[in-house]
Each structure stands twice: as C-alpha cells, then as structure tokens.
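The values are calculated or read from the model by the stated rules, or taken from the named source; none is laboratory data. The structure displayed is predicted, hence computed values, not measured ones. Here the Cβ positions follow ideal geometry from the backbone for every residue, glycine too, while neighbour counts run over all protein chains shown. Quick note on the areas: whole protein, heavy atoms, side chains included, nothing else; ligands and nucleic acids left out. Shrake-Rupley method; radii C 1.70, N 1.55, O 1.52, S 1.80 Å.
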Amino acid sequence: MYALIPAAGSGSRLGAGVPKQYLPVAGEPMLAHPLRALLGCEDLRRIVVVTQAGDESAREVLGSEARAVLAPCGGPSRAASVRAGLGWLLEHGASPGDWVLVHDAARCCITTQAVRRLIDACVHDEVGGLLALPLADTLKRQREGTGPARVQATVPRSGLWQAQTPQMFRIGMLAAALDASADREITDEASAIEGQGLRPLLVPGEASNFKVTLTGDLELADAVLRARRAACGGD
Ligand code: C5P
C-alpha cells in the first residue's frame, strides 16, 4: 500500500510568492505535517511526494526518512500530477493491484487516526473510497447576472457530502480512470472513478481536515496544529 502527495502546485490563490506546500504552519513547512501523519501509518510502504521538476524544497522536508521519496514529475494540473505520480510508482516497484492513498499537501491537519479509518473501511472493498463529511450548512445557489450576489434558490443538502482526501483506490484502476477523463476537469480521484460507473465509499472524515486555500485557512491550520501539539505536551 502506498501514499501519494501531489505537491506540485504553485498555490497562487494564497499569493505568498512561495508554493503553498512550503508556507510555514506551526513552525514547519506545510508539507511536513501531512507527511508525518502518513508516516505514522505503518501500512504505507512508501509515501511519494510529487513535485515540479527542479523543485528542491521538498527534499529538505523529506529529510532522511527512508519511506518518503520524491517524484519530480508534476504536471500542469493536480490530476496530471497525480497521474504522473502513479506512473512513477508503477516504474518503481508498485503493482497495478496495489492500493494508493492520494492526499493533498494542502490538507495539512490530517491525522494518522483518520488515515487508518479510511484504510480499514476500504481495504476489503472492490472500489475503494474517500474521507468526506456530510454537509451541515444550508446551501444557497447564487442568481446569475451582474450586481451584488443574491440568492437564486436554496439547495437541499440531504445526502450531500464534502469530499476530502486521502482518497484510496487501486493504482491501475485509478490510472485508467484518470486517462479516461483526461478531457474533463477532474478535481479529485473519486470523480474519475465515478466516471467509470463505480461507486466509491464515503468514509466520515474530520472537520479539521480542511484544505488550506485562503490566508484565513493558514491561520486556522496553524492554530489546530499548535493546539494538538500542546495537547500532546509538545509546546
Ligand atoms: O490548488 P489546489 O489547492 O487545488 O491543489 C491541491 C493539491 O494539488 C496541492 O497539494 C497542490 O500542490 C497539488 N497540485 C499539484 N500539481 C498541480 C496543481 C496542484 O500537485 N499542477
């Protein structure tokens, strides 16, 4: 079983001039936190971090940890980076039938416990699955047109979940699904799998496993990780 962290994005929405995955969070580059959570899971033989070619920053984060390796084969989109990472795994000893857990570097508050929960739920399943959370908020659809945003309609939230990562699928099945959806915009692995007519498992995730996208998210992630460390007697 393997993990793959696509970390080849520019993080342009945060506007920091540094790729998001290297911004400091709780005193360390963001990438260090999900890497540690995944390393805590002994089932994972290797954690492959996909970066852009020539990006040396990840090497420092990985340090001398033998199970964490760099694959400098990132592509122009997240899906392209994931697909290239799967190819890299297959060229470096993995089999198409092996499981891979794909996790965004930007979900830096993931816990080892949640990763184990996903594995336990999916390991005997034919398809695989993802961490996700049932939607708690009331949903509004925005009216089209110019001027201030106004409500067009309230969207029923029953049965709706927010997708998180990790997402766990077999390497060969996921590679084929991504190849088949190359002409669509794919923002997570599960949607490519769904495109094959398959039904991934929804495994309850955690609210703290949010994706850092805007500056406020960075502050929140910092607070979550520092509080956790303090609770473990680390601060
Ligand atoms: O930009 P966004 O937050 O959607 O990125 C999600 C994850 O995908 C991040 O960990 C980012 O580094 C990664 N990514 C990538 N290759 C790209 C774009 C994003 O690996 N070309």
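Does the range 110-132 hold any residues that are open to solvent by 40 Å² or more (accessible area, probe 1.4 Å) and outside any helix (DSSP H, G or I), and which are they? Before the answer, list the steps.
Kept after step one, since they are open to solvent by 40 Å² or more (accessible area, probe 1.4 Å), are these residues of the range 110-132: 113, 116-117, 120-121, 123-126.
Those that are open to solvent by 40 Å² or more (accessible area, probe 1.4 Å) and outside any helix (DSSP H, G or I): 123, 124, 125, 126.
Between 83, 107, which is part of a helix (DSSP H, G or I), of a type in the set (D, E, K, R), at pLDDT 95 or above and under 16 Å from the mean Cα position of the chain (by Cα)?
Working: 107 fails: part of a helix (DSSP H, G or I).
Just a single option satisfies the conditions, and that option is 83.
What number goes with the only condition from (1) of a type in the set (Lys, Arg); (2) surrounded by 14 or more Cβ atoms within 10 Å (Cβ to Cβ); (3) more than 18 Å from the chain's Cα centre (by Cα) that residue 46 does not pass?
The failed condition is (3).
Those residues that are within 7 Å of the ligand (Cβ to nearest atom) and buried (at least 21 other Cβ atoms within 10 Å of the Cβ), I need them from the range 68-77; list them, please. Let's see the steps before the verdict.
Initially, the range 68-77 is screened for residues within 7 Å of the ligand (Cβ to nearest atom), giving 74-77.
Hit for the range 68-77 is 74, nothing else.
When you scan the range 49-67, do you find a residue that is under 18 Å from the mean Cα position of the chain (by Cα), crowded, with 20+ Cβ neighbours inside 10 Å and farther than 16 Å from residue 108 by Cα, even just one?
yes
How do the pairs read when you match residues in the range 189-218 that are without any contact (Cβ under 8 Å) to a residue 40 or more places away in the chain with residues anywhere that are crowded, with 16+ Cβ neighbours inside 10 Å and among the aromatic types (Phe, Trp, Tyr), using Cβ under 9 Å and keeping only pairs 6 or more apart or on different chains?
These pairs meet every condition: 217/210.
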